1. Go through (1) touching an Asp or Glu at 6+ places or on another chain (Cβ under 9 Å); (2) loosely packed, with under 12 Cβ neighbours inside 10 Å one by one and return the number of the condition A:Q14 breaks.
2. Quick one: count up the residues across region B:73-94 that are within 13 Å of the chain's Cα centre (by Cα) and over 22 Å from A:F101 (Cβ atoms).
3. If you check A:G43 against the conditions, is it more than 13 Å from the chain's Cα centre (by Cα) and in contact (Cβ under 8 Å) with a residue 60 or more places away in the chain?
4. Within region A:9-57, how many residues turn out to be of a type outside the set (D, E), in a loop (DSSP other than H, G, I, E, B), within 14 Å of chain B (Cβ to nearest Cβ) and closer than 19 Å to A:I77 by Cα?
5. Which count do you get for residues in region B:63-92 that are crowded, with 19+ Cβ neighbours inside 10 Å, away from chain A (no Cβ under 11 Å) and not β-branched (V, I, T)?
6. Test A:S74 against the stated conditions and say whether it is among the polar types (S, T, N, Q) and modelled with pLDDT of 95 or more.
7. Does B:G16 satisfy the criteria of being more than 9 Å from chain A (Cβ to nearest Cβ), over 11 Å from the mean Cα position of the chain (by Cα) and in contact (Cβ under 8 Å) with a residue 60 or more places away in the chain?
8. Report, by residue number, each residue of region B:46-62 that is within 16 Å of B:G106 (Cα to Cα) and surrounded by fewer than 23 Cβ atoms within 10 Å (Cβ to Cβ).
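The values are calculated or read from the model by the stated rules, or taken from the named source; none is laboratory data. In this text, all values refer to a predicted model and were calculated from it rather than measured experimentally. Reconstructed Cβ throughout: ideal geometry from the backbone, glycine too, with neighbour counts over all protein chains shown.
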Amino acid sequence: GENVEQHPSTLSVQEGDSAVIKCTYSDSASNYFPWYKQELGKGPQLIIDIRSNVGEKKDQRIAVTLNKTAKHFSLHITETQPEDSAVYFCVTDAGANNLFFGTGTRLTVIP
Amino acid sequence: KAGVTQTPRYLIKTRGQQVTLSCSPISGHRSVSWYQQTPGQGLQFLFEYFSETQRNKGNFPGRFSGRQFSNSRSEMNVSTLELGDSALYLCASSRGGTSYNEQFFGPGTRLTVL
């Protein structure tokens, strides 16, 4: 089955700095790579996604990059704000109608 | 538009009992997926239903089962509860079709098995 590895598990940054989270996956059938943010007491929420035919996608302060050959994808958050503090999950679909979640990164933005 | 709702939000059971959790998807969404979230194993896929049919199943024992009704509402059942079943159970709905459809998660049901 699909194996999604995510690093780092925890990340602390100063407000205004950038944060980068990296993931690798194993199943070459994966075509869809969403990122979810989970705040305390809530379910995960989609923040950005990328499909296998695209190498990079940006939405305001958030960007994702995908290297399908190397099976790597990353999340970049610029100009971090305290409200960015949450757990972030990288996800793949392994070509199926379900999602495989990474182990999560707890991001803390220090004001 | 109302989001995904899950009931109950918290549940305490003892070993050997069974439990039923409920999920109401966003109106118009035909796909409902269930996930188990634990500190040790993270978020793991349980199963997905689309138009009352189970389309996919994760690697969980047969004690975990589910169903979907004609109005797309879904229930999951866990029989013969074990201590290790303590977790946050999340339900997610999407329009369906493919995994490219954004999945909207509910707040989860926190199950504690004593």
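1. Only one criterion is unmet by A:Q14, namely (1).
2. 3
3. no
4. 3
5. 8
6. Details: among the polar types (S, T, N, Q): yes; modelled with pLDDT of 95 or more: yes.
Spelling it out, A:S74 is indeed among the polar types (S, T, N, Q) and modelled with pLDDT of 95 or more.
7. yes
8. Taking region B:46-62 first, the residues within 16 Å of B:G106 (Cα to Cα) are B:46-49.
Hits for region B:46-62 are B:L46, B:F47.
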